């Protein structure tokens with residue numbers, strides 16, 4: 001048997017010392033009644049209450065000792081548990097350029113549909129650690145890798161179009177996401193890139209960034225949303241956003257370097273793509289081992305409380321001493 005809080009046991013000598021101090025005066029005689037002739041008491045029968053009264057300090061000491069042992073957390077090891085499960089580290093890279101305002105995937109804009117689908121993906125992520133990178137003219141990490149999916153959803157809700165200067169820096173988005181995954185110990189590392197435009201900003205070319213990611217063992221699932229291009233300015237205005245040219249050729253090159261390419265022209269297709277990605281390979285990760293213990297504090301605390309209550313009740317009633 002071991003103790004979760006062994007330092008609590010330092011209270012045992014104190015409890016024993018207090019108990020001895022209380023017992024000693026009883027042995028010496030704590031009170032006297034003056035009689036002219038003690039012979040008058042020789043035939044008097046001794047009441048059992050006297051014997052029990054002298055044991056009250058002993059009961060109190062035993063109760064305190066039991067409580068101290070119980071608070072120290074007595075426990076017995078019953079096995080070893082290793083934390084872990086099936087999971088991967090995933091960075092969600094979301095395009096928040098102005099063209100994502102386009103309404104051509106239903107009643108909502110591309111951005112609104114993408115955010116809803118990603119939110120559902122996060123809710124079903126299980127053991128996976130997720131992070132969020134948003135990009136327009138530049139890219140930055142909205143959320144680092146985390147297993148706190150509730151917090152990640154809240155940070156996703158804070159994302160909106162216009163929080164970055166307009167543009168589409170696909171290469172920078174991949175590089176930023178890869179940088180977050182580079183320090184990961186997971187055997188499987190993934191970037192899910194969602195964009196509706198062509199790379200027109202940033203210092204790194206998308207294909208170059210994809211090659212770097214591939215060299216780090218990172219897969220990229222590139223998702224193009226919307227139509228390949230909106231025909232003219234009138235169509236762009238009617239769809240609720242600026243003109244966007246989906247560069248499928250570049251996205252396919254990215255996929256050729258590091259993963260897969262998907263085209264989502266409507267909300268249902270986008271949901272299916274994220275469902276397919278969710279079902280793709282998972283790697284086993286293992287956390288540190290933990291010894292499992294069976295706790296026995298109740299076997300000491302409850303008897304201690306019962307004894308303490310009993311000595312208090314008897315001391316105040318049947319064994320109460322006259323003043």
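The values are calculated or read from the model by the stated rules, or taken from the named source; none is laboratory data. These numbers come from a predicted model, not from an experiment. When we count neighbours, we look across all protein chains shown, and the Cβ atoms used for this are built from the backbone with ideal geometry, even at glycine.
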| said: Test of understanding: among 297, 274, 293, which residue is surrounded by 12 or more Cβ atoms within 10 Å (Cβ to Cβ), under 28 Å from the mean Cα position of the chain (by Cα) and modelled with pLDDT of 85 or more? | reply: 274
| note | Checked against (1) over 31 Å from the mean Cα position of the chain (by Cα); (2) within 24 Å of residue 148 (Cβ to Cβ), residue 110 satisfies every condition except (2)
| request: Confirm whether residue 132 is buried (at least 24 other Cβ atoms within 10 Å of the Cβ), in the same structural domain as residue 148 (by TED's automatic domain parsing) and either closer than 21 Å to residue 151 by Cβ or in contact with a strand residue (DSSP E or B) (Cβ under 7 Å, 6 or more places away or on another chain) (or both). | output: yes
| remark: Those residues of the stretch 172-183 which are touching a helix residue (DSSP H, G or I) at 6+ places or on another chain (Cβ under 6 Å) and surrounded by fewer than 20 Cβ atoms within 10 Å (Cβ to Cβ) amount to none
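Can you find even one residue in the stretch 114-121 that is in a helix (DSSP H, G or I) and either under 22 Å from residue 186 (Cα atoms) or not assigned by TED's automatic domain parsing to the domain that holds residue 199 (or both)?
Just the residues of the stretch 114-121 that are in a helix (DSSP H, G or I), to begin with: 114-121.
Now restrict to residues that are either under 22 Å from residue 186 (Cα atoms) or not assigned by TED's automatic domain parsing to the domain that holds residue 199 (or both): 118, 121.
Yes, the stretch 114-121 contains a residue that is in a helix (DSSP H, G or I) and either under 22 Å from residue 186 (Cα atoms) or not assigned by TED's automatic domain parsing to the domain that holds residue 199 (or both).
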| message | Suppose we filter the stretch 76-107 for residues that are part of a loop (DSSP other than H, G, I, E, B), at pLDDT below 85 and at negative phi; how many remain? | response | 4
| query | Quick one: is residue 123 surrounded by fewer than 24 Cβ atoms within 10 Å (Cβ to Cβ) and without any contact (Cβ under 8 Å) to a residue 12 or more places away in the chain? | reply | no
| Can you tell me which residues in the stretch 192-222 are assigned to a helix (DSSP H, G or I) and out of contact with any helix residue (DSSP H, G or I) (no Cβ under 7 Å at 6 or more places or on another chain)? | 215
| task | Provide a single number: the residues in the stretch 148-171 that are surrounded by fewer than 24 Cβ atoms within 10 Å (Cβ to Cβ) and within 23 Å of residue 261 (Cα to Cα). | result | 1
| field | Subset of the stretch 254-270 [touching a residue at least 60 places away in the same chain (Cβ under 8 Å), over 14 Å from residue 193 (Cα atoms) and not in a loop (DSSP other than H, G, I, E, B)] | value | 267
